[in-house]
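I have placed the structure first, in the form of structure tokens, so that the comments after it can refer back to it.
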Amino acid sequence: MSPRHSSSSRTLCSWDTLGLPGWSPWWGCRGQACLMRPSASHRVAGGGRALRFDPPAARAAGEGLGSAAVGGVVARRRADVAASGSPEQEGGGRRRAPRRFRRASTVPRALGVTALGALLPGAGYVWSGRRLGYLLMFPAIGALGVLIAWVQEVDRAVHLAFDPDRLRVVVAVVGVVLVVWFLSVLTTWLMVRPGRLGRLGNGVGAVLVTVACLAATLPVVQGMRYAMTQADLVQTVFEHNESATAPKDVTETDPWGGRERVNVLLLGGDGGQGREGVRTDTMILLSTNTRTGKAVMFSLPRNMMNAQFPEDSPLHDLYPDGFRGEGDPGGWMLNAVYRQVPALYPQILGKSANEGADALKQAVAGSLGTHVDYYLLVNLDGFKDIVDAVGGVTVNVNEPVAIQGNTDRGIPPVGYIQPGPDQHLDGFHALWFARGRWGSDDYQRMLRQRCVINALIDELDPLTMLQEYQDLARTGKKILQTDIPRKLLPAFVDLGGAVKGHQVKSVAFVSSDRFFSGDPDFAWMQSVVDAALTPKASTVEGVGGTPTDAPSDGASDLPSDEPSVQATTDPPDGASVAADDAGTAVSAADACGYHPEG
């Protein structure tokens, strides 16, 4: 068979007629020359040299120049191949033999290499002889080292948790890395699996590897969900919360502005049926030592009249004798400040996202004679959702507590929470245990509220927070308001950890011959606060009558000439108290203990 030359100058070479059986053309010949590429057997026998063949010579051979002449040319080329033993390309260059990649001999070995590639991305590629694996392996090792060093810096992690923009960037980067990791593991299996598995074996192996990858990525995906939820929570609650009364001299490096104490007003707001706006029925000032974490809570009754304002406040000019006026007395109670002041004097304190909270902060500061830095408002209707999210709270119930009911309107309760020790309450019953007033007074309710807060703190362990974080964050966005700036959140997290390591002291102003909510003695109230916050030695009746020093920064007893009949406070550790004596200090543990009446 003679070589043929088409009209397009493309020569299709047939090598068998030239005495080279087993040789095949690399491509069709074009122009003046073509290359002959030997088959595998000829590469072994003849050294693998590609032969350069001129189409004119082929045509001459086909036109009767004689097979002997062509055979001589071919024989000489064969001799050259045998002598050189290396392949050459057109123009005298050399062509490298194709790379051979490594495969596992068995399925278990292939799965083992795939697992290695999962632990160290790119390692499976390198094992199989593919240099691309280094492009995955070296960055993975570097990223792992950076991550280990970064996690050891707890402050960095905390700062990241409260930076929504950085959190979203991290989630996006982790998502991309996760996709690359998944593809690298799957392709590792496809490259190193045994070559004779068949379709069924290949399919089963790919499914097993895919399922294993998905199982391994679930915790990472859940962490990404938590991060996005956290970013949304922080942005919703702690941004765009401008305040006219929050400290201006704080920074991330000096979060307390040089102050020894940070005071946060905890508010429980109730916007129930028949009420216009929010009524802050729960008001507790939490004062915390920024160095030690020791904290004191001051509970104020909602019906306290004539609330005072600091002398440098514009509200003091309007109410020099306290928050009072004509009309319904209920409109001049402490819990009315939140809605009354903004309605009567909009933006009197300056631009604010919550004017009512700013006004109430000033009323508490003036009445107690101390500064109030920030507030945290919890809508009580959503409080039950938080309790449910943590699985409920456990409290001691010493007397029946009414569920619903309205004393003023003569509406009876729909039921009662019955007495008993260590009662585990869900969100609905915990809410009414804290707020129920039918058959009791505001002061009893104040004490129950402290017990619920303590019980909730006990339930908020890290494991519970992690397990229920989605529900807690979702609820928090709906019910929380605050003027704490986002940049201070890491400092508050650190301070919160320090507070949890101490017993929180309590001071509750209750009705007595020295305290009447209709006309409070503010000078006396301020002396109580000063005594609770000022570190000093105080003699109390200790066990066996031994004088005991009050712990610094705790709620100390009042001076002996001013018996504490108007405030209930926590005594120093080991101090004995008379449970039925309203003039002595009572501990929070005793107040929340189980001691049913009768």
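Below is a table of values for the structure above.
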| quantity | calculated |
| --- | --- |
| Out of ARG95, ARG76, ARG99, ARG131, sole residue that is surrounded by fewer than 12 Cβ atoms within 10 Å (Cβ to Cβ), modelled with pLDDT of 60 or more and not assigned by the TED database to the domain that holds THR188 | ARG99 |
| Counted residues, region 387-405 - those being open to solvent by less than 50 Å² (accessible area, probe 1.4 Å) and either in contact with a strand residue (DSSP E or B) (Cβ under 8 Å, 6 or more places away or on another chain) or part of a strand (DSSP E or B) (or both) | 10 |
| Residue count for region 320-344, restricted to those that are in a loop (DSSP other than H, G, I, E, B) and touching a residue at least 12 places away in the same chain (Cβ under 8 Å) | 5 |
| Selected residue (criterion: nearest to the chain's Cα centre (by Cα)) from residues of region 181-230 that are under 21 Å from ALA143 (Cβ atoms) and open to solvent by 70 Å² or more (accessible area, probe 1.4 Å) | PRO219 |
| Sole exception among (1) of a type in the set (S, T, N, Q); (2) farther than 30 Å from GLY350 by Cβ; (3) open to solvent by less than 70 Å² (accessible area, probe 1.4 Å) for GLN152, by number | (3) |
| Residue in region 265-277 that is modelled with the lowest pLDDT, counting only those that are buried (at least 22 other Cβ atoms within 10 Å of the Cβ) and of a type in the set (A, V, I, L, M, F, W, C) | LEU267 |
| In region 410-459, residue farthest from ASP388 (Cα to Cα) [restricted to those that are touching a Gly at 6+ places or on another chain (Cβ under 7 Å) and in a strand (DSSP E or B)] | ILE411 |
| So VAL234, is it surrounded by 13 or more Cβ atoms within 10 Å (Cβ to Cβ) and assigned to a helix (DSSP H, G or I) | yes |
| Inter-residue pairs, beta-carbon under 7 Å, first among the charged types (D, E, K, R) and in region 454-469, second open to solvent by less than 60 Å² (accessible area, probe 1.4 Å) and at pLDDT 70 or above, 6+ apart | GLU459/VAL390; GLU459/GLY391; GLU459/VAL393; GLU468/ALA389; GLU468/VAL390 |
| Residue check for ALA215: closer than 30 Å to TYR469 by Cα and among the small types (Gly, Ala, Ser) | yes |
| Test: residue in region 369-378 that is among the acidic types (Asp, Glu) and crowded, with 18+ Cβ neighbours inside 10 Å | yes |
| PRO255 vs. criteria open to solvent by less than 30 Å² (accessible area, probe 1.4 Å), within 26 Å of the chain's Cα centre (by Cα) and outside the structural domain of TRP432 (by the TED database) | yes |
| Among (1) aliphatic (A, V, I, L, M); (2) out of contact with any Pro (no Cβ under 7 Å at 6 or more places or on another chain); (3) surrounded by 18 or more Cβ atoms within 10 Å (Cβ to Cβ) - the single one ILE411 does not satisfy | (3) |
| Selection status of ARG339, at negative phi, open to solvent by 40 Å² or more (accessible area, probe 1.4 Å) and in contact with a strand residue (DSSP E or B) (Cβ under 9 Å, 6 or more places away or on another chain) | yes |
| The listed residue being in a helix (DSSP H, G or I), in contact (Cβ under 8 Å) with a residue 24 or more places away in the chain and in the same structural domain as GLY382 (by the TED database), out of LEU315, LEU267 | LEU315 |
| Residue count for region 282-336, restricted to those that are within 30 Å of CYS451 (Cβ to Cβ), touching a Pro at 6+ places or on another chain (Cβ under 9 Å) and of a type in the set (Phe, Trp, Tyr) | 0 |
| In region 345-368, the residues that are open to solvent by less than 30 Å² (accessible area, probe 1.4 Å) and part of a helix (DSSP H, G or I) | GLY356, ALA357, ASP358, ALA359, LEU360, LYS361, ALA363, VAL364, ALA365, GLY366, SER367, LEU368 |
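The values are calculated or read from the model by the stated rules, or taken from the named source; none is laboratory data. Quick caveat: nothing in here was measured; it's all calculated off a predicted structure. As a convention, Cβ positions derive from the backbone with ideal geometry for all residues, glycine included, and neighbour counts pool all protein chains shown. With ligands, DNA and RNA removed, areas are computed over all heavy atoms of the protein, side chains included. Shrake-Rupley method; radii C 1.70, N 1.55, O 1.52, S 1.80 Å.
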